[in-house]
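The values are calculated or read from the model by the stated rules, or taken from the named source; none is laboratory data. Bear in mind that the values here come from a model prediction, so they are computed numbers and not experimental data. For neighbour counting, all protein chains shown are included, and Cβ atoms are generated from backbone atoms with ideal geometry for every residue, glycine included. The area values use the complete protein model at the heavy-atom level, side chains included, leaving out ligands, DNA and RNA. Shrake-Rupley method; radii C 1.70, N 1.55, O 1.52, S 1.80 Å.
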Amino acid sequence: MMQLGFPLSPEPTIEAREKGRLMFAGEIDFLKGVVAMDGLPPADRMEVCFAGRSNVGKSSLINALTGRKNLARASNTPGRTQEINYFTAGDQYLVDLPGYGYAEAPVAIVEKWQRLLKSYLSGRQTLRRAFVLIDTRHGVKAVDEEIMALLDRSAVAFQVVLTKADKVGKVEQERILGQVRGAMAKHPAAYPELVMTSSEKGDGIETLRAIIATLE
């Protein structure tokens with residue numbers, strides 16, 4: 001069987017770009033922070049979520065996407081987001097998940113929010129796509145593989161978004177892309193295009209906006 005090559009997502013069409021611009025230029029509000037599954041808002045609309053290791057740059061990416069500096073709380077302390085944070089954007093929910101992996105928090109608290117993360121990823125019917133964030137400096141780690149395997153088992157389509165692309169040179173970028181593509185080939189739920197971003201430089205942000213805005 002021919003393996004998918006996992007190319008970088010092409011530049012969006014003018015229509016898709018405009019749809020993305022309008023969606024993220026509109027009103028975007030923090031709805032609620034959820035600490036247990038019974039606190040989730042009604043499953044009355046499509047949602048996308050952002051998952052990634054602690055300190056992968058998730059909050060910075062969400063802030064860059066929405067054009068709001070402090071919508072998602074960026075922190076230098078990994079693991080600060082300990083709940084599922086819901087934002088409304090047009091007729092979608094944007095969902096900021098707790099960082100997984102290393103976190104400066106008591107073990108019991110870490111275990112509690114990791115359980116919440118797994119329950120959410122395996123049980124939310126309206127979740128259209130999960131964006132799994134991978135740091136371009138480090139590539140796919142074992143803890144990322146665990147989340148991807150969970151998404152496979154839950155039949156939740158996920159797309160890899162590489163963050164902090166401006167922090168490495170072109171040669172290293174290509175090496176990491178090769179490693180990520182090799183990892184993706186093992187996951188049936190993986191969407192066959194990658195997005196490379198830099199929240200600082202704005203690279204890939206329009207592409208990601210267009211992808212989110214044109215999901216059906």
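Values as computed for the structure displayed
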| read-out | value |
| --- | --- |
| The range 26-61, residues that are of a type in the set (Gly, Ala, Ser) and either part of a strand (DSSP E or B) or within 27 Å of Thr136 (Cβ to Cβ) (or both) | Gly33, Ala51, Gly52, Ser54, Gly57, Ser59, Ser60 |
| Flag if Glu145 is of a type in the set (Asp, Glu), open to solvent by 40 Å² or more (accessible area, probe 1.4 Å) and not in a loop (DSSP other than H, G, I, E, B) | yes |
| Among residues of the range 61-83, those that are open to solvent by less than 10 Å² (accessible area, probe 1.4 Å) and modelled with pLDDT of 90 or more, counted | 4 |
| Matching residues in the range 7-24 - criterion: being open to solvent by less than 70 Å² (accessible area, probe 1.4 Å) and either assigned to a helix (DSSP H, G or I) or of a type in the set (Ser, Thr, Tyr) (or both) | Ser9, Ala16, Gly20, Met23, Phe24 |
| Failed criterion for Thr207 (all others in (1) surrounded by fewer than 21 Cβ atoms within 10 Å (Cβ to Cβ); (2) in contact (Cβ under 8 Å) with a residue 60 or more places away in the chain hold) | (1) |
| Check on Val140, part of a helix (DSSP H, G or I), more than 21 Å from Thr88 (Cα to Cα) and open to solvent by less than 30 Å² (accessible area, probe 1.4 Å) | no |
| Count - residues of the range 100-137 that are open to solvent by 10 Å² or more (accessible area, probe 1.4 Å) and either touching a Ser or Thr at 6+ places or on another chain (Cβ under 7 Å) or not in a helix (DSSP H, G or I) (or both) | 14 |
| All positions within the range 34-44 that are over 10 Å from Ile84 (Cα atoms) and open to solvent by 70 Å² or more (accessible area, probe 1.4 Å) | Asp38, Pro42, Asp44 |
